[in-house]
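Encoded as structure tokens, the structure appears first; notes follow it.
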Amino acid sequence: MTLGVLAVLAMAFVMFAGFWTDWLWYRSVHYSSVFTTTLWTKIGLFAVFGLLMALTVGLNIWLAYRLRPPLSAMSMEQQSLDRYRMGVAPFKKWVLLAVTALVGLIAGASASGQWRTWLMWVNGVSFGEKDSQFGKDVSFYAFDLPWYRFLLAFGFAAVVLSLIAAAITHYLYGGLRVTSPGARATAAATGHLSVLLGVFVTLKAVAYWLDRYGLAVKSSDFKATGNWTGLRYVDANAYLPAKTILFCIAVICAVLFFATLWRRTWQLPVIGFGLMVLSAVLIGGLYPAIVQKFQVQPNEQAKEAPYIQKNIDATRRAYAIDETKLENYSGKSTVKAKDKLRTDADSAASYRVLDPNIVSPTFQQLEQKRKYYQFPTTLDVDRYEGQDVVIGLRELNIRGIPKRNWINDHFTYTHGYGAIMARGTQTDANGSPVFTESGLPTTGDLGEYQQRIYYGEKTDQYSIVGGPQKELDYEENGEKTTSYGGNSGVSLENAFNRAAYAVAFSEPQILYSGAIGDGSRILYNRTPKQRVEAVAPWLTIDGDAYPAVVEGKIKWIVDAYTTSNGYPYASRTTLGDTTADSLTVGNQQRAVVAQQNQVNYIRNSVKATVDAYDGTVTLYQWDTEDPVLKTWMKAFPDTVKPKADIKGDLLEHLRYPQDMFKVQRELLTRYHVTDPAQFYSGSDAWQVPDDPTTKENVAVPPYYLSMKMPGDADQRFSLTTTFTPNGRPNLGGFMAVDADATSKDYGRLRLLRVTEDVPGPAQVQSKLNGLPDVATFVRDMKGADSDIQYGNLLTVPLDGGFLYVEPVYAQGRNALYPLLKKVAVSYVDADQPDGDTTKDTTVFENTLTEALNAVFGVEATTPPTTPPGTEQPPTTPQPPASADAALKQAIADAQKAYDAGEAALAKGDWTAYGKAQEDLQAALERAAEAGAKIQPSGTGGAEKPAEGS
């Protein structure tokens, strides 16, 4: 008995530990109201609907038992059941309780999962928009209809279970007979079951009535447009009247079932039910098919035009693309002077030659400093002092710890250190980033700030900090230790909390370890997405959180969305499919949450921040008009701060989110067309092109870039993308959104429809690959055992045409990281009869400046100094005056750098190794230059050595 009691108590504590640790965590982040509101809502729904289901089923079982006939003249059938009745009789109360408890638990558990539906229904606010068919506010479809459908489904389940339970009880106690002669059911059983069937048919009538409104949000396949939401001609003219007729028939049928209480016969109810079934087949199925075949198909475009227009208007409003400015852009150059084109190219954009999707290994090798640090696979683009930069945090890499054990993993190595930043538009002479914030601890443009990173995208393990065990802060001229001074985490000072976490994390050492004592706190749920999802479970989180240094702190900025699946007439999209591109494939860190969720309304309504040091989560209202956000703010008051609380320093780093933009661009491949006839024909449908710089057939990602759109006087920090016509590679459109949150035009979408034949990204990439210079470069790099990587193919409108800019990287065998080696530039222009020489020119040069000069045929008038894309390192040694002496000196320097690199590699000193590789590259370049001077004219000259040669 004692062991049994202990086992029960242990199981109870295990279940309680999860609840208790969740409560402690929510309390530690000051969002306990979210936990309690969600918990009490679930408990309330569980209790109410579980009790309703148990009472409904139990009452009908009890009623069937009370209505049982006398058993004095039992038939043979009933005599055979007598042993079952005798066996159940002593336990009938317990059987009744068990059955009702079981159905109640199942129903309650199912109902508790509808807590979002309940909160949206009870707190729903008006959209201020009415649907075009029924004139109801959109909130009815977004907030009310889902709850009504749940109630209807619950009612059906309760009636069906009651009907089954009552029928079994009547059968066991003689109210129903199957094989016996004479009457097959007693009058009492007939009346009881008829009432239940009448309730069922009544619910079916209600379902028919709600189905009328459901047509406004119904999804269907429409061959002209693919995915379709809302009514079409056949819905409005066949299904809608059919549902009304079926509603009336179901009401009559229900009355006939209820009438059996007086008539005591099944004849009329059965006839009525059969009529309802036949009507459902003929009126609800056959009649709409006839209308579709003989009325719609012969003139489908004209019949469907009004409904297509409703779908277009609703979809554009639901995805916030209704104010997209569509402009015709010929693609023909409006400037003939080469010098003017070259000048305009300098101011058209800040061309980002540092690709954040490629240079992470370079950051890793040059700024990792220790193996237990790491950078994200894809770095982020931000703005500091008006300049585009590439930024990444040096986060903790638990797998790089020299000696893995429980103490090191969770007590000693607890945090990353510092933000590393480089100019987006420049590299040095070797092709390495020009860092504006670097080192350990970091120094540079960011000034003083809290550099410790306890919360990050790569920090997925728990840490115990603040107690007797000191943490490793960083290693630079010896180990520096620290002890966490923030208020984050949950206290482990009392034994009860320690026991709860030992159970919750399946780690008994938490209970008895001597490394835990006064001041000890446990940190977990440490990624920005985890924390925002936990405190706002009603939000959908963007796939890419990005860091910014604001007011002396590193803060993660997380974009969050409110979504709905109930916007009438708006076409649905699947978030996971729509937001997938060449960066998200295989990169779960950037994949959007709730990938399979279908939505037909989305707003970037919340901007959230997570402090990288103390984990503080702050939610800011961003879209002040969004009714879905207002609804959730009523359900969870005081969790979202007003937009006015966003301070200026933070506002400067907010940007238009990528996932929102990707959803909008996917919709605009079709919904840039607003004419129903043209939309139906699909003649102007577009597609998002595949990324030409990768081998996978996946969409090109949008790129952040400071640039000028046609007519703009200044560059704007923008998010850009291209479109191609369906099934064709040429450029169909170009879109940019003002992504700077400080701009009065933030969120303005501008869409250029290219009216002439202009090469698209795949065609430009194909022409680039076919250039002789590229073939030679690739051959030389491959011969030097180097890999080639193509960077982001940036597209910029320029004087009527388009300028494509693509950095090209090479990674040598010994370098271990890619370096910028070439820049490809192409100026494409629609065909013109005057044979203008500026159209469709592609060049492949060492620097961006040289490439821009070459693409426009402009000679450099001044000696090159520091062009965008290169910067001379200050430590490059000056060669001797004699070419022979210069060559000998360069070779000696190369050997010296190579030896230094090998020595650094043996010691595992990656900083020294990276410096040696830079010196080696510089020496090899000087050797190549000196060799070219010695080589007799006309014999070809010396080839420039490749990285790693």
If we keep only residues of the stretch 19-31 that are under 26 Å from the mean Cα position of the chain (by Cα) and assigned to a helix (DSSP H, G or I), then the residue farthest from SER112 (Cα to Cα) is TRP25
Picking from THR721, THR639, THR674, the residue that is surrounded by 21 or more Cβ atoms within 10 Å (Cβ to Cβ) and among the β-branched types (Val, Ile, Thr) would be THR721
By residue number, the members of the stretch 113-139 that are farther than 22 Å from THR41 by Cβ, crowded, with 21+ Cβ neighbours inside 10 Å and not β-branched (Val, Ile, Thr) are PHE127, ASP131
Over the stretch 792-820, the set of residues touching a Lys or Arg at 6+ places or on another chain (Cβ under 9 Å) and part of a loop (DSSP other than H, G, I, E, B) is ASN792, ASP799, GLY800
THR618 fails exactly one of (1) under 24 Å from the mean Cα position of the chain (by Cα); (2) more than 21 Å from VAL805 (Cβ to Cβ); (3) at pLDDT below 95, namely (3)
For the stretch 23-68, the count of residues that are more than 23 Å from ASP614 (Cα to Cα), surrounded by 19 or more Cβ atoms within 10 Å (Cβ to Cβ) and free of Cβ contacts under 8 Å to residues at least 24 places away in the same chain equals 0
All-but-one check, VAL335 against (1) within 30 Å of ILE602 (Cα to Cα); (2) touching a helix residue (DSSP H, G or I) at 6+ places or on another chain (Cβ under 7 Å); (3) at pLDDT below 90, failing number (1)
Hey, does the stretch 603-610 have a residue that's among the small types (Gly, Ala, Ser), under 20 Å from the mean Cα position of the chain (by Cα) and assigned to a loop (DSSP other than H, G, I, E, B)? no
Of the residues in the stretch 135-158 that are of a type in the set (A, V, I, L, M) and under 28 Å from the mean Cα position of the chain (by Cα), the one that is farthest from ALA207 (Cα to Cα) is VAL138
Within the stretch 677-707, of all residues that are in contact with a helix residue (DSSP H, G or I) (Cβ under 7 Å, 6 or more places away or on another chain) and within 24 Å of ALA545 (Cβ to Cβ), the one surrounded by the fewest Cβ atoms within 10 Å (Cβ to Cβ) is VAL688
Note on HIS653: of the conditions (1) touching a residue at least 12 places away in the same chain (Cβ under 8 Å); (2) more than 28 Å from PRO306 (Cβ to Cβ); (3) in a helix (DSSP H, G or I), unmet is (3)
The residue from ALA314, ALA280, ALA302 that alone is without any contact (Cβ under 8 Å) to a residue 40 or more places away in the chain and within 17 Å of LEU231 (Cβ to Cβ) is ALA302
(1) assigned to a loop (DSSP other than H, G, I, E, B); (2) buried (at least 24 other Cβ atoms within 10 Å of the Cβ); (3) not β-branched (Val, Ile, Thr) all hold for GLY514 apart from (2)
Heads up, the strands (runs of 3 or more DSSP E) in the stretch 693-781 (entirely inside) with at least 1 residues that are in the same structural domain as GLY800 (by TED's automatic domain parsing) and aromatic (Phe, Trp, Tyr) are 703-707, 716-725, 733-738
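Residue-by-condition table, conditions (1) farther than 23 Å from ASP409 by Cβ; (2) part of a strand (DSSP E or B):
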{"position": "GLU493", "(1), (2)": "no, no"}
{"position": "GLY519", "(1), (2)": "no, no"}
{"position": "GLN530", "(1), (2)": "no, no"}
{"position": "LYS555", "(1), (2)": "yes, yes"}
{"position": "ASP559", "(1), (2)": "yes, yes"}
{"position": "PRO568", "(1), (2)": "yes, no"}
The correct count of residues that are in contact with a Gly (Cβ under 9 Å, 6 or more places away or on another chain) and more than 22 Å from ASP344 (Cβ to Cβ) in the stretch 722-740 is 10
Take the conditions in contact with a Lys or Arg (Cβ under 6 Å, 6 or more places away or on another chain) and part of a loop (DSSP other than H, G, I, E, B) and apply them to GLY543. Does it pass? yes
Taking the stretch 606-636 and the residues there that are out of contact with any strand residue (DSSP E or B) (no Cβ under 8 Å at 6 or more places or on another chain) and closer than 21 Å to PHE35 by Cβ, the one that is surrounded by the fewest Cβ atoms within 10 Å (Cβ to Cβ) would be LYS634
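Name every residue in the stretch 97-131 that is under 22 Å from GLU625 (Cβ atoms), assigned to a helix (DSSP H, G or I) and of a type in the set (Phe, Trp, Tyr), in order of residue number. Explain how you work it out, then say what you get.
Within the stretch 97-131, the first condition is being under 22 Å from GLU625 (Cβ atoms), and the residues that meet it are 116, 119-131.
Next, from what is left, pick out any that are assigned to a helix (DSSP H, G or I): 116, 119-123.
Answer for the stretch 97-131, where residues must be under 22 Å from GLU625 (Cβ atoms), assigned to a helix (DSSP H, G or I) and of a type in the set (Phe, Trp, Tyr): just TRP121.
Residues checked against (1) outside the structural domain of SER605 (by TED's automatic domain parsing); (2) touching a Lys or Arg at 6+ places or on another chain (Cβ under 7 Å); (3) surrounded by fewer than 19 Cβ atoms within 10 Å (Cβ to Cβ):
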position	(1), (2), (3)
TYR307	yes, yes, no
LYS310	yes, no, no
TYR329	yes, yes, no
LYS332	yes, no, yes
LYS336	yes, no, yes
LYS371	yes, no, yes
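Across the stretch 32-90, what is the number of residues that are at pLDDT 90 or above and closer than 17 Å to TYR171 by Cβ?
5
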Selection from the stretch 735-761 of residues under 20 Å from ASP322 (Cβ atoms) and either among the aromatic types (Phe, Trp, Tyr) or in contact (Cβ under 8 Å) with a residue 60 or more places away in the chain (or both) yields MET735, VAL737, ASP738, ALA739, TYR746, GLY747, ARG748, LEU749, ARG750, LEU751, LEU752, ARG753
Counting only residues in the stretch 347-376 that are polar (S, T, N, Q) and under 26 Å from LYS403 (Cβ atoms), the one nearest to the chain's Cα centre (by Cα) is identified as GLN374
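Please give the helices (runs of 4 or more DSSP H) falling wholly within the stretch 241-347 in which 2 or more residues are of a type outside the set (Asp, Glu) and within 29 Å of VAL599 (Cα to Cα). It would help to see each step written out before you state the result.
Details: elements: 267-281, 287-291, 300-318.
Here the list reads 287-291, 300-318.
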All conditions in (1) within 24 Å of VAL617 (Cβ to Cβ); (2) touching a residue at least 60 places away in the same chain (Cβ under 8 Å) are true of ALA570 except (1)
Residues of the stretch 177-191 being at pLDDT 75 or above and part of a loop (DSSP other than H, G, I, E, B), in sequence order, are THR186
Just wondering, is there one or more residues in the stretch 276-284 that are loosely packed, with under 15 Cβ neighbours inside 10 Å, more than 46 Å from the chain's Cα centre (by Cα) and of a type outside the set (Phe, Trp, Tyr)? yes
* **Residue check for ASP144: part of a helix (DSSP H, G or I) and closer than 23 Å to LEU45 by Cβ** => yes
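The values are calculated or read from the model by the stated rules, or taken from the named source; none is laboratory data. Keep in mind it's a predicted model, so treat the numbers as computed, not measured. Positions of Cβ are generated from backbone atoms using ideal geometry, with glycine treated the same way; all protein chains shown enter the neighbour counts.
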